[in-house]
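The values are calculated or read from the model by the stated rules, or taken from the named source; none is laboratory data. Predicted model, so just to flag it, every value in this text is computed and none were measured. A quick note on method: Cβ atoms are made from the backbone with ideal geometry, for glycine too, and the neighbour counts reach across all protein chains shown.
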Amino acid sequence: MLLKRLTVHFGLNEGIKTSRQIAYTEWGKPDNPHIVVCVHGLTRNCRDFDFLAEALEVDCRVICVDVVGRGQSDWLVNEADYDNYLLYLSDAIELLKHVGALGNTDIQLDWVGISMGGLIGMALATQTALPLPLPVPIRRLVMSDIGPLIPVSALARIGEYLGKAPRFNSFDEFEVYLKKISNPFGPLTEAQWHHLAIYSVRKFDDGTYGFRYDPRIAESFKRHLLKDIDLWEQWDKLRTPTLVLRGTESDLLSSKTAMEMEVRGIRAQIVELPGIGHAPMLVGEEQIKIVKDFLLAPTPAT
């Protein structure tokens with residue numbers, strides 16, 4: 001595994017461009033034409049995918065990215081841009097160019113997204129509002145606990161902890177808090193929790209510990225706390241074979257929405273995971289096997 005950085009640019013009003021660095025990990029052989037891009041949830045980071053990437057690296061080249069404002073990537077100058085999905089799509093396309101996934105007809109490109117990462121993948125796969133066309137289509141899409149209808153009640157719950165940005169006097173205190181607010185991830189092992197904590201934490205100059213994401217993300221998130229997010233129009237355009245993992249205790253992806261996803265659009269394959277809420281993190285062997293089997297299954301003959 002290698003941690004790398006890429007400088008990207010994004011055009012704003014009146015042609016002004018900003019530049020920043022985004023970080024990503026790369027697994028597997030760099031000449032492997034089967035590329036799997038993994039993108040995390042709202043406040044998470046690319047190291048959430050270490051377990052999955054390790055399981056895939058023999059068969060695939062795996063690229064796991066820190067979305068801007070999270071993990072090791074730069075923070076945005078303008079906090080309002082955290083709510084600009086064109087920026088996320090532009091960054092994704094720049095990353096795909098950088099790793100050689102665009103314009104190469106030999107590439108098989110798959111996308112694995114948890115929550116927010118799944119929505120980014122869906123937008124790319126449907127070519128919705130892209131800053132430029134995606135020359136290489138996404139072959140298969142995995143969405144963990146996210147769908148085209150997101151209830152405002154679930155958004156409000158996320159907003160409660162998102163805006164707090166607490167500080168802790170020790171790493172141990174931080175890890176306890178992380179496990180408390182992330183309990184819906186399900187029954188992870190102590191080693192898995194510790195891994196998530198190590199890569200979620202930031203030590204500040206005053207010696208305290210906090211989360212490794214820009215707390216200003218909470219400000220841009222507030223505008224979504226007024227009503228449900230409805231993306232059914234985009235979902236109905238999706239033609240990419242899609243696997244959806246849903247935690248049976250999830251408040252973000254309801255069973256009703258998941259059932260509709262089975263019969264609308266691409267008619268996704270739905271896998272329900274008991275005892276888990278939002279969101280399945282793809283770190284346990286069972287979840288990894290489900291994703292791996294989907295991505296490595298032979299393409300049906302046409």
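Let me spell it out: the conditions are (1) under 15 Å from the mean Cα position of the chain (by Cα); (2) at pLDDT 95 or above; (3) farther than 20 Å from Arg239 by Cα, and Asp91 meets all of them except one. Which number is the exception?
(2)
Looking at the stretch 137-238, what strands (runs of 3 or more DSSP E) fall wholly within it and have at least 3 residues that are in contact (Cβ under 8 Å) with a residue 12 or more places away in the chain, over 22 Å from Trp111 (Cβ atoms) and among the small types (Gly, Ala, Ser)?
On the way: elements: 138-144, 201-203, 209-211.
Because the criterion is at least 3 residues that are in contact (Cβ under 8 Å) with a residue 12 or more places away in the chain, over 22 Å from Trp111 (Cβ atoms) and among the small types (Gly, Ala, Ser), no strands (runs of 3 or more DSSP E) in the stretch 137-238 meet it.
Test of understanding: among Ile288, Ile276, which residue is in a helix (DSSP H, G or I), within 18 Å of the chain's Cα centre (by Cα) and buried (at least 17 other Cβ atoms within 10 Å of the Cβ)? It would help to see each step written out before you state the result.
Working: Ile276 fails: in a helix (DSSP H, G or I).
Exactly one residue qualifies, and that residue is Ile288.
Kindly establish whether Thr43 is among the β-branched types (Val, Ile, Thr) and either free of Cβ contacts under 8 Å to residues at least 40 places away in the same chain or touching a Pro at 6+ places or on another chain (Cβ under 8 Å) (or both).
Answer is no for this residue.
Taking Asp251 as meeting all but one of (1) among the acidic types (Asp, Glu); (2) assigned to a helix (DSSP H, G or I); (3) surrounded by 15 or more Cβ atoms within 10 Å (Cβ to Cβ), write down the number of the exception.
The failed condition is (2).
Can you tell which of Phe174, Phe204, Phe185 is at pLDDT 95 or above and under 18 Å from the mean Cα position of the chain (by Cα)?
Every option except Phe185 fails the conditions.
Does the stretch 17-26 include one or more residues that are buried (at least 23 other Cβ atoms within 10 Å of the Cβ) and either in contact with a strand residue (DSSP E or B) (Cβ under 7 Å, 6 or more places away or on another chain) or modelled with pLDDT under 95 (or both)?
Yes, some residue in the stretch 17-26 is buried (at least 23 other Cβ atoms within 10 Å of the Cβ) and either in contact with a strand residue (DSSP E or B) (Cβ under 7 Å, 6 or more places away or on another chain) or modelled with pLDDT under 95 (or both).
Which one of these does Thr105 not meet: (1) part of a loop (DSSP other than H, G, I, E, B); (2) farther than 27 Å from Glu160 by Cβ; (3) in contact with a strand residue (DSSP E or B) (Cβ under 9 Å, 6 or more places away or on another chain); (4) of a type in the set (Ser, Thr, Tyr)?
So Thr105 meets the others, but not (3).
Residues are listed down the side, and each one gets a yes or a no for (1) part of a loop (DSSP other than H, G, I, E, B); (2) buried (at least 16 other Cβ atoms within 10 Å of the Cβ):
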site: Val58; (1), (2): yes, no
site: Cys64; (1), (2): no, yes
site: Gln72; (1), (2): yes, yes
site: Asp81; (1), (2): no, yes
